[in-house]
1. Within a Cβ distance under 12 Å of THR169, other residues only, what is the Lys/Arg minus Asp/Glu net charge?
2. With the Cα gyration tensor of region 1-127 giving a ≥ b ≥ c as the square roots of its eigenvalues, does the rule (a/c under 1.5 for rounded; else a/b larger than b/c for prolate; else oblate) give rounded, prolate or oblate?
3. Show me the helices of the chain, taken as full DSSP H stretches, that run 30 Å or more along their long axis by Cα and average 0.0 or above in Kyte-Doolittle hydropathy.
4. Per DSSP helix of 4 or more residues, -39500 (n - 2.57); summed, then divided by the residues of the chain. What does that give at 222 nm, rounded to the nearest 500?
5. Under the classification rounded if a/c is under 1.5, otherwise prolate if a/b is larger than b/c and oblate if not, where does the chain fall, given a ≥ b ≥ c as square roots of the Cα gyration tensor eigenvalues?
6. Please report the antiparallel percentage of the DSSP beta bridges confined to the chain, to the nearest 5.
7. Where in region 123-207 are there GluC sites (Glu not before Pro) that are in a DSSP coil and have at most 10 other Cβ atoms within 10 angstrom of their Cβ?
8. With a 10 Å radius around each residue's Cβ, average the other Cβ atoms per peptide and rank 50-58, 143-151, highest first.
Amino acid sequence: MTTDSPAAAPARFPTGFVWGAATAAYQIEGAADQDGRTPSIWDTFARRPGAVRNGDTGDIAADHYHRYRDDVALMSELGLRAYRFSLAWPRVQPGGRGPANEAGLDFYDRLVDELLAAGIDPVATLYHWDLPQELEDTGGWTDRDTAYRFAEYAHLAARRLGDRIPTWTTLNEPWCSAFLGYGNGVHAPGRTDHAAALTAHHHLLLAHGLGTAALRAELPDTAQVSLTLNLAAVRPLSTDPADLDAARRIDGLANRIFLDPVFRGSYPEDVLADTAHVTDWSFVRDGDLAEISRPIDSLGINYYTPTVVAAEEQPAADRSGSGGSGGDGGSGAVGTEPADAQRGDGHQGGSPWPADQGIRFLPAPGTRTAMGWPVDADGLYELLTRLRDDLPGVPLLVTENGAAYEDYTDPSGAVHDPERIDYLHTHLAAVHRAIADGAPVRGYFLWSLLDNYEWAYGYSKRFGIVHVDFASQRRTPKDSAHWYARVIRDGALPQ
Ligand code: FCB
């Protein structure tokens, strides 16, 4: 029997469990116009007044493009077994069309060789949000052709690097690309049109399917192809039927709108009905769902905080029958101010969700990270065990999990981050508990290796276990890095 109680034996992870850390190209690479890279939608968006805190851009970021050797050496010191990074599409295929840019691919070639020499498995994501600007100029993800361009890019990347990268992910968090990028405009390209967001959603999934086929055509049979989703651990505030229905709707728009097409080859009927006033879904063509549901080898899950929803308060007279009975959601404990629409500063105001009328988003109780996101490791357990039940036989990877805190370097040069250690500890304990309860979780990639460009928050939020002084580019492993190194070494959580 496995248990996480402090008096018990240390929570030991299965042999072969993959211990990793994650980053993304635009957040760390810098070298934005070097060796033939062209602008992505994030280069453009970052320059839009008011879009990103401080007007920060990824022009230099953590300068990983030039410091990758030192960064791999750091990973090696920490004992990482795998490293999840993304390729910058506009580096590999400038402008998003035409031949590969060999100079851009050379960078990933060097990085991959460096990783392999250090005994670290490369895990490559093809798309972590940096669409070539030229493709946005012709419609971006609202244009069906972008999905075909993505497949072409997948061919180019896999043809050059496929002999040495064992695991590939098509997309990172298409929910964010579609709903934050085209829904409330908190992310690039900054469009605010819910019909466009649903169109983009479908074309992203089509890109995933076409990209999967492209990867399979280029890669050896042993290669693994995956998709990373930021699924939501959705909780209704109470058992009031109106709150339960709010949870059903958000579960539809956050989870089943991805899982059903990818694993079942259909869109959920209730989601189609809920969004019928936004779009008629005529962008879905015959054969698309067969393409989207091509088998994949694992599913990546990014998890940070749960999503608590409730129906909007009705005037007392309209809310008959809701008084008193049945509420179990800890309504006294859940915060009452709206949650920050999940991501971004929220200053653009609108909701990322199409068709969320009448739904309130509430923060879960408990402490919060520097993002204001409630710390709640049970949400991760809930998600992993739900996927165990809903997707039998699909191996799972936690491809991101971590927290931002207000870190600083003390006069001795150390960065003490006990809150991050606590966050990681409780979340890894939740992963351990899920595995013990039968969830097929094969690995964990901490977000993030380095402090980096946190999208609309610029450099104001630090998620790294390695501190980066952006003025000098000096790297300092935080206490959490030393803690994680020990966990990896022991294959177990400390007591
Ligand atoms: C995820 C993103 C990642 C990072 C973390 C904090 O949604 O995939 O790039 O921003 O959140």
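1. Working: positive: ARG84; negative: GLU173, ASP297, GLU400.
Result for the local shell: -2.
2. prolate
3. Helices meeting the criterion: 194-218.
4. -10000 deg cm²/dmol
5. Judged from the Cα gyration tensor, the chain comes out rounded (a/c under 1.5).
6. Details: 11 of 47 bridges.
Expressed as a percentage, antiparallel bridges in the chain total about 25.
7. Hits after loop and neighbour filter: nothing returned.
8. Most protected by this proxy first, the peptides run 143-151, 50-58.
Computed from the coordinates by the stated procedures, all read-outs in this text should not be read as laboratory data. Since we're looking at a predicted model, the values are computed, not measured. Here the Cβ is made from the backbone with ideal geometry for all residues, glycine too, and neighbour counts use every protein chain on show.
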